[in-house]
Number of protein chains: 2
Amino acid sequence: MAPPPFLTSPEQYKELFDSVDTFLLDCDGVIYHGPVVVEGVKTVLQLMRDAGKKIIFVTNNATKSRKMYKTTFDKLGIEAYEEEIFGSAYASAVYMSRILNFPKDKRVYVLGEKGLEDELDAVGIQRCGGTDPEDRVFIPSMDFSHFPADPTIGAVLCGFDSGINYKKLGKAYSYLRDDPNVHFLLTNQDRVFPTSGTTYPGSGSLSAPLVFALQGKREPTVIGKPNKHMMDAIIAEHHFDPKRALMVGDNLLTDIAFGLGSDVRTLLVMGGVTHKDQVYGPEPSDIRPTFVVESLGDFAVLAKN
Amino acid sequence: MAPPPFLTSPEQYKELFDSVDTFLLDCDGVIYHGPVVVEGVKTVLQLMRDAGKKIIFVTNNATKSRKMYKTTFDKLGIEAYEEEIFGSAYASAVYMSRILNFPKDKRVYVLGEKGLEDELDAVGIQRCGGTDPEDRVFIPSMDFSHFPADPTIGAVLCGFDSGINYKKLGKAYSYLRDDPNVHFLLTNQDRVFPTSGTTYPGSGSLSAPLVFALQGKREPTVIGKPNKHMMDAIIAEHHFDPKRALMVGDNLLTDIAFGLGSDVRTLLVMGGVTHKDQVYGPEPSDIRPTFVVESLGDFAVLAKN
């Protein structure tokens, strides 16, 4: 297979831009790196809006609600609207509510942050765990009275949880071990999250104890990129034509695989977590983007023509 | 392949007993179930001692030192000696000291309990983390100042840690991410630990975040059963003939695989974590014990002859 084209000329940018009605944009690594907006990207977003393109920000970060993301965009001076933002926290809440029809009288036990709780609240799903200080405590001895059965629990949902500990893992594990009807959901399976030029253990790593402890017995449903649940949830809400869409991201395993899995074309940007060698060899990844570009900001050149 | 013989008669017990000089005995599930000694086992241990057999208690539990195990045996009224006890905490300390020749001026960052710390102290290895209350605290926000570089760290060692949290995982991950010379060790990879008729997430599950976050970059060295490091450490200390040894255990994945990996015959006991179906079908495990018996206590019948 020929390697994907690396776009460098205004003509190439224009041809691709014109062929797209809906831009699915990963955030960290594409729009900004932590607190710094990628050069040219504000201009490119304005170009998209001026041309009537639909913009959807698609992120696996499960610690923020749409509202929190909106605040982040505001602080960075980026025009964005809550209804354009699709994070794995919101996607998980939508999945539980619309796809699972999660019962109103059951509760979901959360390993996660306030952003995830807020999105569950927004769709009317009862929850416990999460940021509750009662569960964010160290259990000094293996006192199993901390893990009583609870028939009100209908699901365990794991995202990034800075309060991960044995009490929470023990509770979540016990609910899943005891009742096959308790749903096992992960917001996403990102190994690490990148920040300030380095990485730290991500959501996928924090749910790994449950996945590993239950292996062979329970398989989790993973919502975020690259899983199709996320795309289904987006399409259910935004009704776009996948053939006229483009997924833009910096991560082969999440963003690019996500597009490929739904026959949406993909644009890989450099400058994030992927090195050119992973695309152009000597041993390229099996996950091949449709197009590659140095930066989404490079499309800003189209504003001058 | 024929299924392994299920021993039921005194003649079968005697033939096997006489062919063994060294009994390697798993503890939980073989000798006792939590606080209850398995019926007949005290008599069988006495038979072994009277016949001059060597006894080695081989356990993956990394929360206890040999001294703590001795106390456990004392409380249960079981004759045992510290030098007969080989836990994965002690095996890890021995591995670091003898095999790695871990430098005296370096420290190991511990995810584990006091028993593991005690065994490291016993072989003169400097340590930090572990039960230190400074690290067993919840970090309320993602403040990465909690994970500074530390050139004194020469290894990360993970066992069962009831104080697992993001601060400890973040520190351990950062040390391993930044320096390929920092050793990455796990006491064992047990998914769960069985207790009081149920299971909870085990050492292997608690180290899963680090293993997952570092996948493709760092592979851990796993010390405990079924890994050969554990057998090498035991043989280095006890110098027995593997051909005249028998590994007795209730777990196919740890105990039985452990024996098979070192050409030591194995005896699987029922009543622990393994069901007969896993040995005798309809879809038996690939891990096949040499012999199967209902209980190690059944050998007590030999005392009457």
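The values are calculated or read from the model by the stated rules, or taken from the named source; none is laboratory data. Predicted, not measured: the structure shown is a model, and the values here were computed from it. Backbone-built Cβ (ideal geometry, glycine too); neighbour counts: all protein chains shown.
Do any strands (runs of 3 or more DSSP E) lying entirely in region A:64-139 carry at least 2 residues that are farther than 26 Å from A:E39 by Cβ and in contact with an Asp or Glu (Cβ under 7 Å, 6 or more places away or on another chain), and which ones are they?
Working: elements: A:85-87, A:107-111, A:126-129.
In region A:64-139, A:107-111, A:126-129 are the strands (runs of 3 or more DSSP E) which contain 2 or more residues that are farther than 26 Å from A:E39 by Cβ and in contact with an Asp or Glu (Cβ under 7 Å, 6 or more places away or on another chain).
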Residues in region A:98-136 that are more than 24 Å from the chain's Cα centre (by Cα) and either surrounded by fewer than 16 Cβ atoms within 10 Å (Cβ to Cβ) or more than 25 Å from A:S205 (Cβ to Cβ) (or both): how many? 6
Would you mind finding the one in A:K243, A:K225, A:K276 that is crowded, with 23+ Cβ neighbours inside 10 Å, charged (D, E, K, R) and more than 13 Å from chain B (Cβ to nearest Cβ)? A:K225
Restricting attention to region B:288-305, the residues that are at pLDDT 95 or above and not in a helix (DSSP H, G or I) number exactly 8
When residues of region A:152-178 are filtered for being touching a His at 6+ places or on another chain (Cβ under 8 Å) and within 12 Å of chain B (Cβ to nearest Cβ), how many remain? 3
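What are the residues in region A:12-47 that are assigned to a strand (DSSP E or B) and of a type in the set (S, T, Y), if any? Full working, then the answer.
Kept after step one, since they are assigned to a strand (DSSP E or B), are these residues of region A:12-47: A:22-25, A:28, A:32-33, A:36-37.
Correct list: A:T22, A:Y32.
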All but one of (1) surrounded by fewer than 19 Cβ atoms within 10 Å (Cβ to Cβ); (2) farther than 18 Å from A:N61 by Cβ hold for A:L253; state the number of the condition that does not hold. (2)
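Matching residues to (1) of a type outside the set (A, V, I, L, M); (2) assigned by TED's automatic domain parsing to the domain that holds A:D190:
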{"residue": "A:I85", "(1), (2)": "no, no"}
{"residue": "A:A89", "(1), (2)": "no, no"}
{"residue": "A:S92", "(1), (2)": "yes, no"}
{"residue": "A:E117", "(1), (2)": "yes, yes"}
{"residue": "A:L120", "(1), (2)": "no, yes"}
{"residue": "A:I125", "(1), (2)": "no, yes"}
{"residue": "A:I139", "(1), (2)": "no, yes"}
{"residue": "A:F144", "(1), (2)": "yes, yes"}
Say we look at region A:48-72 and pick out the residues that are surrounded by fewer than 17 Cβ atoms within 10 Å (Cβ to Cβ) and hydrophobic (A, V, I, L, M, F, W, C); which of these is farthest from B:F144 (Cα to Cα)? A:A51
Is at least one residue of region A:183-191 in a loop (DSSP other than H, G, I, E, B), crowded, with 22+ Cβ neighbours inside 10 Å, within 14 Å of another protein chain (Cβ to nearest Cβ) and touching a Leu at 6+ places or on another chain (Cβ under 6 Å)? no
Matching option when the condition is surrounded by fewer than 19 Cβ atoms within 10 Å (Cβ to Cβ) and either farther than 28 Å from B:D105 by Cα or within 9 Å of another protein chain (Cβ to nearest Cβ) (or both), among B:P148, B:P140: B:P140
Looking at region B:220-249 only, could you name the residues that are part of a loop (DSSP other than H, G, I, E, B) and touching a Phe, Trp or Tyr at 6+ places or on another chain (Cβ under 7 Å)? B:P220, B:I223, B:K225, B:P226
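Checking the conditions here, which among A:D121, A:D135 is out of contact with any Phe, Trp or Tyr (no Cβ under 8 Å at 6 or more places or on another chain) and within 14 Å of chain B (Cβ to nearest Cβ)?
Details: A:D121 fails: within 14 Å of chain B (Cβ to nearest Cβ).
Sole residue among the options that is out of contact with any Phe, Trp or Tyr (no Cβ under 8 Å at 6 or more places or on another chain) and within 14 Å of chain B (Cβ to nearest Cβ): A:D135.
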Here are B:S65, B:S19: which of them is out of contact with any strand residue (DSSP E or B) (no Cβ under 7 Å at 6 or more places or on another chain), under 25 Å from B:I234 (Cα atoms) and not assigned by TED's automatic domain parsing to the domain that holds B:T266? B:S65
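Determine whether B:Y95 is crowded, with 22+ Cβ neighbours inside 10 Å, touching a His at 6+ places or on another chain (Cβ under 6 Å) and either β-branched (V, I, T) or closer than 26 Å to B:G129 by Cβ (or both). Spell out how you get there, then give the answer.
Working: crowded, with 22+ Cβ neighbours inside 10 Å: yes; touching a His at 6+ places or on another chain (Cβ under 6 Å): yes; either β-branched (V, I, T) or closer than 26 Å to B:G129 by Cβ (or both): yes.
Answer is yes for this residue.
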Just one of the numbered conditions (1) on the phi < 0 side of the Ramachandran plot; (2) within 13 Å of chain B (Cβ to nearest Cβ) is not true of A:S196; which one? (1)
Take the conditions of a type in the set (D, E) and touching a residue at least 40 places away in the same chain (Cβ under 8 Å) and apply them to A:D21. Does it pass? yes
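Condition check: more than 26 Å from B:V192 (Cβ to Cβ) and either of a type in the set (A, V, I, L, M, F, W, C) or at pLDDT 95 or above (or both). Does A:L186 satisfy that? Before you say what the answer is, go through the steps one by one.
Details: more than 26 Å from B:V192 (Cβ to Cβ): no; either of a type in the set (A, V, I, L, M, F, W, C) or at pLDDT 95 or above (or both): yes.
No: the conditions fail for A:L186.
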Taking region B:200-220 and the residues there that are surrounded by fewer than 18 Cβ atoms within 10 Å (Cβ to Cβ) and touching a residue at least 40 places away in the same chain (Cβ under 8 Å), the one that is nearest to the other protein chains (Cβ to nearest Cβ) would be B:K217
Of the conditions (1) away from every other protein chain (no Cβ under 14 Å); (2) more than 15 Å from B:N61 (Cβ to Cβ); (3) in contact (Cβ under 8 Å) with a residue 24 or more places away in the chain, B:D263 satisfies every one except a single condition; which number is it? (3)
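On the basis of being of a type outside the set (A, V, I, L, M, F, W, C) and touching a Gly at 6+ places or on another chain (Cβ under 6 Å), does A:G130 make the cut?
On the way: of a type outside the set (A, V, I, L, M, F, W, C): yes; touching a Gly at 6+ places or on another chain (Cβ under 6 Å): yes.
In short, yes.
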